[in-house]
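Student: Sharing a structure with you now.
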Amino acid sequence: MKFYYVLVFVSCVWMVATSVAEAQVKNQPYSYQHYQKYDELLYSPNTRMHTATKPFLFKGDLLTKYDSIQSLNQVDSDNIFMRKIFNEHLVEIHKEDHSFYLDFLPDFVIGKEMIGADKRTTWLNTRGVQLGLNIKDKFTFYANAFENQGVFPNYLTDYIDRAGVIPGQGHVKDLAGHKKDWMYATANLSYDFSDYFQATLAYDKNHIGDGYRSLLLSDFSSNYAHLKFTGKIGNVQYTSIWAYMNDPRNPRIDSLNSGGRFGDGSKWGAFQYLDYNATNRLSVGFFQAVVWANRNEAGHRGFDFNYANPIIFLRPVESNNSTSPDKMFLGLNAKYKVLDNMTAYGQFLLGEFTAKEFFAGNGYAHNKWGTQLGVKGFNIFKVQNLNFIAEYNVVRPYTYQHFVSISNYSNNGEPLAHPRGANFRELLGMVNYSWNRFDFSIQGLYSRYGTDPDHLTNMGGDIFQSYRTIPDMHGNYIGQGVKNDLYYADVKAAYVLNPKYNLRFEVGYTQRYNQIAESPTQKSGVISFGLRSSFRNFYGDI
């Protein structure tokens, strides 16, 4: 199977490595549920860490916290079976100047639809591996790979059939009886040159922001190949990312009409984020992004070396092309630690802006922006490991659209920012609590968003529509089109067997109501139980 190639590759890398018991840098894929466990360190007024750009390269105090989380509630036993189940990686090798680990990652879940008209049995059957290699205190490599089959609730099945991908994971094959089949893999290679500069080559995701969602660049869409440079001078950190992304909605065309298959289309992106920690409490960041098609109507373009400079402002470069076909965004990200255990944060994204029309308040279609406001806290009410987040997101219609979808703000058929795309308001909250080996989470979400009444009408929520088809230049408002009111709640309780690879027994209940104007309400309520592992995100709150 293809994903085992990753294991073979890393095994070869390990064998040629020369023979410190613990590495000084480590990789860990980003997921909100795991990363919120570091909030006590990240958002303390006694630290001045750059928290917006994820995934982190774990080093220093952050690595110490990482190791402490992975060593919690150790079982005192000489039995190798007990140690492997509760304390250790499946395979662990520690030599003088390198270390290696490997784990089997099961994800077996069974559930039942309790409310929806289709009382289907849902299930997930995933077999995966993860492995890590660290050499001295500079080089770290992490990879995982999964083979999956599953049956999802009806609303997720509808999304998958429409998008052609499992949310955030990749291309899907349809099998009989609502079954889906797909594969998923991550690889991340980082080198820590010094305290001032790190480089990463990865097939992974990125998330910029301090919230659960990001309106700038989020971890919602599938993995993509990218090169990332991170530099730090004093209290300033600069991150530059160049990405090569998939575009299945615009497949490659056979100019000879030979009848062959030529694969999905492709696109490029350049993302830059400058973060300034003004004080231990205040941080302000500037974001810019540009996306362009690998090939458009004019022919093959490839990587545009105008965007190769890692420290130049992208907007002047893009605007220097008088007929630029690229999609450009600017953004701000900020946080302030208002209390010793509570932080306020926010984002502002700007796609297009006409001051005269903006202040006229007449719903001009090309004033494209989004805003996020939130607050998060740790050890609330002086209860250790009781964390929360509350967040409000709003994005105007047409914000992430472009004149053609091959250059819109998307990757692999899904938004690069918020899962909803645009034309919505959203309010969400989440509470997490850890006690001994138990993890508990509660999430609630309300969203009002507008959809298109038919495939020929563009009301601004579907980012794959062309903004050349906007029906009215004025009179536009957030939530226009077919009104949807989404209510979502999720409760989970887990008993963690092994924190090294997040092996846990988990029981959960998810309820979703989507009230659609002049249509029946979509209802779903799924209770589930499973043996789960890994640190990957799966966004079902869409």
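The values are calculated or read from the model by the stated rules, or taken from the named source; none is laboratory data. Computed from a prediction, not measured in an experiment: that's the story for all the values here. Cβ placement follows ideal geometry from the backbone for every residue including glycine, while neighbour counts extend to all protein chains displayed. Keep in mind that these areas ignore ligands, DNA and RNA; they rest on the heavy atoms of the full protein, side chains included. Shrake-Rupley method; radii C 1.70, N 1.55, O 1.52, S 1.80 Å.
Student: Given the rule -39500 (n - 2.57) for each run of at least 4 DSSP H residues, summed and divided by the residues of the chain, what is its mean residue ellipticity at 222 nm, to the nearest 500 deg cm²/dmol?
Tutor: On the way: 8 runs with 60 residues, N = 542.
Helices in the chain give a 222 nm mean residue ellipticity of -3000 deg cm²/dmol.
Student: Give me the accessible area of Thr230, 1.4 Å probe, in Å² rounded to the nearest 10.
Tutor: For Thr230, solvent-accessible area is about 20 Å².
Student: How large is the accessible surface per residue of the chain, computed with a 1.4 Å probe and reported in Å² as a whole number? Before the final figure, lay out the partial values.
Tutor: Details: 23680 Å² over 542 residues.
Per-residue accessible area for the chain comes out at 44 Å².
Student: Another question, if that's okay. On the full set of protein chains, 1.4 Å probe, figure out the accessible area of Trp435 and give it in Å² to the nearest 10.
Tutor: We get 130 Å² for Trp435.
Student: In addition: Using DSSP to define loop residues, name the chymotrypsin sites (Phe, Trp or Tyr not before Pro) in the stretch 373-430 whose beta-carbon has at most 16 other beta-carbon atoms within 10 Å. Walk me through the numbers before you get to the answer.
Tutor: Values: sites: Phe378, Phe381, Phe388, Tyr392, Tyr398, Tyr400, Phe403, Tyr409, Phe424; in loops: Phe378, Tyr398, Tyr400, Phe403, Tyr409.
Taking the stretch 373-430 and a limit of 16 other Cβ atoms within 10 Å, the loop chymotrypsin sites (Phe, Trp or Tyr not before Pro) found are Phe403.
Student: Something else about it: For Lys59, list the lysines whose Cα falls under 22 Å from its own Cα; do not include residues on the same chain fewer than 8 positions away.
Tutor: Lys26, Lys37, Lys95, Lys136, Lys138, Lys205, Lys228, Lys232, Lys500
Student: Also, quick follow-up: Within the stretch 58-101, report the GluC sites (Glu not before Pro) that DSSP leaves as loop and that have at most 13 other Cβ atoms within 10 Å.
Tutor: On the way: sites: Glu88, Glu92, Glu96; in loops: Glu88, Glu96.
Loop-located and lightly packed - Glu96.
Student: Around Gln511, under 14 Å between beta carbons, what's the net of Lys plus Arg minus Asp minus Glu among the other residues? Working shown, then result.
Tutor: On the way: positive: Lys112, Lys492, Arg512, Lys523; negative: Glu113, Asp490, Asp541.
Cβ neighbours under 14 Å give a net charge of +1.
Student: Based on Cα positions only, what radius of gyration and what Dmax would you give for the stretch 26-533, in angstroms?
Tutor: 23.0, 73
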